[in-house]
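First comes the structure, then the notes that go with it.
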Amino acid sequence: MAAPTPNIEAMPVVRDLKDFDLNSGNRLERLIFNNRVAVMLACLVVTAVLGFMATRIGLNASYEKMLPVGHPYIQNYEANKDQLRGLGNTLRIVVENAEGDIFDPDYLETLKKINDELFLTPGVDRAWVKSIWMPVVRYNEVTEEGFAGGPVMPDSYDGSTASVEQLRQNIMKAGLVGNLVANDFKSAMIIVPLLDVDPASGERIDYWALSRAVEQNVRAKYETADGRYKVRVIGFAKIIGSLLDGILQVMMYFGAAILIAAVILFSFTRCVRSTFVVLLCSLIAVIWQMGILTLLGLGLDPFSVLVPFLIFAIGVSHGAQKMNGIQQDVGRGTVTLVAARYTFRRLFVAGVTALLNGAAGFLVLLLIPIPAIRELAIAATIGVSVLLFTNLVLLPVILSVTGVSKKAADRSLKQEEQGVGTRGVWSFFNHFAESRAWAAGAIVVALSLGIGGYVVSRNLQIGDLDPGAPELRANSRYNVDNAFITANFSLSSDVFAVIIKTPVEACTRYSTLQQADRLAWQLQQLPEVQATVSLADSVKQVTAGTYEGTAKWYTLSRNQDVLNYGAQQAIQNTPDLTNAECSVMPVIAYLRDHKAATLDKVAATVEQFIADNPVAEVELLPAAGSAGIEAAVNQVVREAWLKMLFYIYGTVAILCLIAFRSWRAVLVALLPLALTSVLCEALMVALGIGVKVATLPVIALGVGIGVDYALYLLSVQLHGQRAGMPLVEAYRAALSFTGRIVALVGFTLAAGVITWAWSPIKFQADMGILLAFMFLWNMLGALILIPALSRFLLPTSAVHKAAPAVA
């Protein structure tokens, strides 16, 4: 991409269109402005078509899109998930009896109705639904005649005192307390595994529809107004449902962002029509973006729904550049069409280069092998690509027709002629170019901030730092429900499962069961693990029961016949502990939470055990379960984080080198960005935010978009220095020409995203705060550190020796 070299000097004033050669300028300029009507009509047609498509854009999320493609854990899970139902995407519904216990016949009848309602809900893997009402949930006991067992819910249950008492005994025999039954017996759980695809329709599960169905058909229907019965729901599908519900409220912030941008723009231009045109073209970009996404079969999810907001803010910022240039030329007396063409000549290449840097920040996200992030990157890249036309081409064309307010144009010219770099707050920034002491002081302060920020940022963690669903507010219904379930059930919903694969019918071999038992014992030594469950545990229980419950027989016998009998009895009562061929079985660990440190420790323990304990024909494969999958996500995020930083800074450095033709200028542009990145990571530590799928894009976006400030300022400064100006005059000219626009861009971008801070979706609020911080700090870093660093790295003598930028 050719480097931007804006012309600081005013172009010839053309008061009459007859005095202007319409065939002047490059081929692209002539093609656009000599066919303005055709351009606007084409845009109108495209807007109508894509606007219609935009109305059909879908809002949904997929469990599979959150899985890191290619990670060994995920490959293991995908290869065996049909054999391990219930260890992936699962809903957990708890029904509480606040005024009694679960042995109230009325409560049990209500629980049965809820169980049946969930069982018949589309998308539920019905064969693996578990509750005290499901026949697959069984008990086993040793009697004088041998083993006896059956469904926990008696076949003869009729609500009588005797049948309720039988249920109580069966629950105790089955060991369901703390698992499907709360420790205080006041609530019971229904575990509802979900399918990826609805077998009836053949389409992927709509999590939003599923969440609404649970709310309407279960919570609203069976939760009593007096608070006697309360329904609590957790699981990935419910998280996504809550996030998508929050999106409807987030849409209101789009209106707030438009209003804030309008106020900032109008306060800068004092021109209603040009402000309206800038907002209109930015909205058109959003419409085109969503229409194209629909055509590509993509939609919006809780992670990418903020991209249209960001595209709008970027569009407003770049539109302000074009509007300012046209106003200045009109203020000099140039007719509007010529003023628009002048602005196109001066800023088109600069705008393209700036947007390419922004696109680089988005494209780098494609390196992260998580489909949800890749779709976000695609959506954002489409949006930036659209801005290349709507805000760099369509906007000046429309302004060439509508014109700008003469009063506003005169005001803009007056401000330029007075030179903003010599008065007011702008004189403060100019000190860093004028005084070596000021420049050195700024660098020392920046270095101190960088060192302090780096020390704090070393405490930055990967993954979730809070219990429950950190994507939602702590007081959200989901997190309140999760806190209740965690407090009242011994086994958490954070499940880490290791898959054990053997030859067919070999899961009952001594070597296999011993390996499972040893791994379970190793995991039980971790304080982060609440309990473990495997086929080996059940076999030991049956073996002990065979010998009248003697504790010394609670072991794995080396006699294969004893093991076969024990496994047969165990599988009959707990069929989910192995597959039908007896070749795949899980070792399940219930974790205290899913914080990053917990997952890292458990995963490391499992991997070390596998490395240290190889057994022929017994293959241990991590990992399944919600916590196992999240551990894989954390590992991918950790690797992608550093890789992403390398690629984004490398890409921006290359683009800046092409633009400036000076390695010194590249350093001047990148060092303020690096400081902002370090301080942003320190802010994440202070706010208790970890690096995860929701926050990983922030750093890339902050760098890719934040470099725009340096691009505009340094382009003008270097142009002046190469024309023979001293650094002081060149930077003052840069402040005068683009300083106010740089500030406007920073405040507009920050204002566009800071409204997210009030979102009911916490990760969107976190993104808004972090992006606003990065936009403002990048702006201040550019205005302060560019002249300060230039004092030492870009003296005019050094710039003269550098190769001139290519227009």
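The values are calculated or read from the model by the stated rules, or taken from the named source; none is laboratory data. Everything numeric in this text was worked out from a predicted model, so none of it was measured. Note that we place each Cβ from the backbone using ideal geometry, even for glycine, and neighbour counts take in every protein chain shown. Accessible surface is based on the protein model in full, side chains and every heavy atom, while ligands, DNA and RNA are left aside. Shrake-Rupley method; radii C 1.70, N 1.55, O 1.52, S 1.80 Å.
Scanning region 572-599 for residues that are assigned to a helix (DSSP H, G or I), closer than 12 Å to Glu528 by Cβ and open to solvent by less than 60 Å² (accessible area, probe 1.4 Å) yields Ala596, Thr598, Leu599.
Of the set (1) under 22 Å from the mean Cα position of the chain (by Cα); (2) surrounded by fewer than 24 Cβ atoms within 10 Å (Cβ to Cβ); (3) hydrophobic (A, V, I, L, M, F, W, C), all apply to Ile705 but (2). Within region 88-114, being of a type in the set (Val, Ile, Thr) and either on the phi > 0 side of the Ramachandran plot or in a strand (DSSP E or B) (or both) holds for Thr90, Ile93, Val94, Val95.
Taken as a whole, the condition of being open to solvent by less than 40 Å² (accessible area, probe 1.4 Å) and outside any helix (DSSP H, G or I) applies to Ala623. Checking the structure you have, find out if any residue of region 147-160 is open to solvent by 60 Å² or more (accessible area, probe 1.4 Å) and part of a helix (DSSP H, G or I). Looking through region 147-160, none of the residues is open to solvent by 60 Å² or more (accessible area, probe 1.4 Å) and part of a helix (DSSP H, G or I).
Conditions (1) over 28 Å from Gly468 (Cβ atoms); (2) at pLDDT 80 or above, marked per residue:
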site	(1), (2)
Phe185	no, yes
Ala188	no, yes
Ser201	yes, no
Gln216	no, yes
Ala220	no, yes
Ala225	no, yes
Val231	no, yes
Phe268	yes, no
Val277	yes, yes
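Put simply, of Ile240, Ile234, Ile247 the only residue that is surrounded by 15 or more Cβ atoms within 10 Å (Cβ to Cβ), under 23 Å from the mean Cα position of the chain (by Cα) and not in a helix (DSSP H, G or I) is Ile234. A single entry from Leu28, Leu59, Leu67, Leu50 fulfils the requirement of being exposed (fewer than 13 other Cβ atoms within 10 Å of the Cβ) and among the aliphatic types (A, V, I, L, M): Leu28. Of the residues making up region 690-706, not a single one is modelled with pLDDT of 80 or more and in a helix (DSSP H, G or I).
When Asn217 is tested against (1) part of a helix (DSSP H, G or I); (2) closer than 30 Å to Glu78 by Cα, exactly one condition is not met: (2). For region 250-304, enumerate the residues that are under 25 Å from the mean Cα position of the chain (by Cα), without any contact (Cβ under 8 Å) to a residue 40 or more places away in the chain and within 17 Å of His318 (Cβ to Cβ). Residue satisfying the conditions is Leu283 alone. Just one of (1) under 28 Å from the mean Cα position of the chain (by Cα); (2) within 24 Å of Leu556 (Cβ to Cβ) fails for Ser583. It is (1).
Here the helices (runs of 4 or more DSSP H) wholly within region 398-508 that include at least 1 residues being at pLDDT below 85 and more than 30 Å from Val94 (Cβ to Cβ) are 406-418, 424-434. In this structure, does Val678 turn out to be β-branched (Val, Ile, Thr), in contact with a Gly (Cβ under 8 Å, 6 or more places away or on another chain) and over 26 Å from Met66 (Cβ atoms)? Here the answer is yes, as Val678 does meet what is asked. Residues in region 486-501 that are among the β-branched types (Val, Ile, Thr) and open to solvent by 20 Å² or more (accessible area, probe 1.4 Å): 1 in all. Checked against the criterion of being open to solvent by 10 Å² or more (accessible area, probe 1.4 Å), of a type outside the set (S, T, N, Q) and not in a loop (DSSP other than H, G, I, E, B), region 709-719 contains one or more residues that satisfy it.
Consider region 173-206 and keep the residues that are within 27 Å of the chain's Cα centre (by Cα) and either on the phi > 0 side of the Ramachandran plot or assigned to a strand (DSSP E or B) (or both). The one that is surrounded by the most Cβ atoms within 10 Å (Cβ to Cβ) is Val192.
Within region 522-558, the set of residues being under 45 Å from the mean Cα position of the chain (by Cα), in a helix (DSSP H, G or I) and hydroxyl-bearing (Ser, Thr, Tyr) comprises just one member, Ser538. On the stretch given as region 292-307, residues that are in a helix (DSSP H, G or I) and surrounded by 24 or more Cβ atoms within 10 Å (Cβ to Cβ) total 2.
Could we say that Thr738 is crowded, with 21+ Cβ neighbours inside 10 Å and in contact (Cβ under 8 Å) with a residue 12 or more places away in the chain here? Yes, satisfied. Of the candidates Phe747, Phe773, the single residue that is open to solvent by 10 Å² or more (accessible area, probe 1.4 Å) and in contact with a Cys (Cβ under 7 Å, 6 or more places away or on another chain) is Phe773.
Taking the criterion of being charged (D, E, K, R) and open to solvent by less than 90 Å² (accessible area, probe 1.4 Å), would at least one residue in region 454-462 satisfy it? Walk me through how you get there before you give the answer.
Restricting attention to region 454-462, the residues satisfying the condition of being charged (D, E, K, R) are 458.
With the extra rule that they be open to solvent by less than 90 Å² (accessible area, probe 1.4 Å), the set shrinks to none.
No, because not a single residue in region 454-462 is charged (D, E, K, R) and open to solvent by less than 90 Å² (accessible area, probe 1.4 Å).
Would region 357-371 turn up any residue that is in a helix (DSSP H, G or I), farther than 30 Å from Glu64 by Cβ, out of contact with any Pro (no Cβ under 9 Å at 6 or more places or on another chain) and not aliphatic (A, V, I, L, M)? Yes, region 357-371 contains a residue that is in a helix (DSSP H, G or I), farther than 30 Å from Glu64 by Cβ, out of contact with any Pro (no Cβ under 9 Å at 6 or more places or on another chain) and not aliphatic (A, V, I, L, M).
Glu505 meets all of the listed conditions (1) surrounded by fewer than 20 Cβ atoms within 10 Å (Cβ to Cβ); (2) farther than 23 Å from Lys186 by Cα; (3) within 29 Å of the chain's Cα centre (by Cα) but one, namely (3). Scanning region 635-654 for residues that are closer than 30 Å to Asp517 by Cβ and surrounded by fewer than 23 Cβ atoms within 10 Å (Cβ to Cβ) turns up at least one hit.
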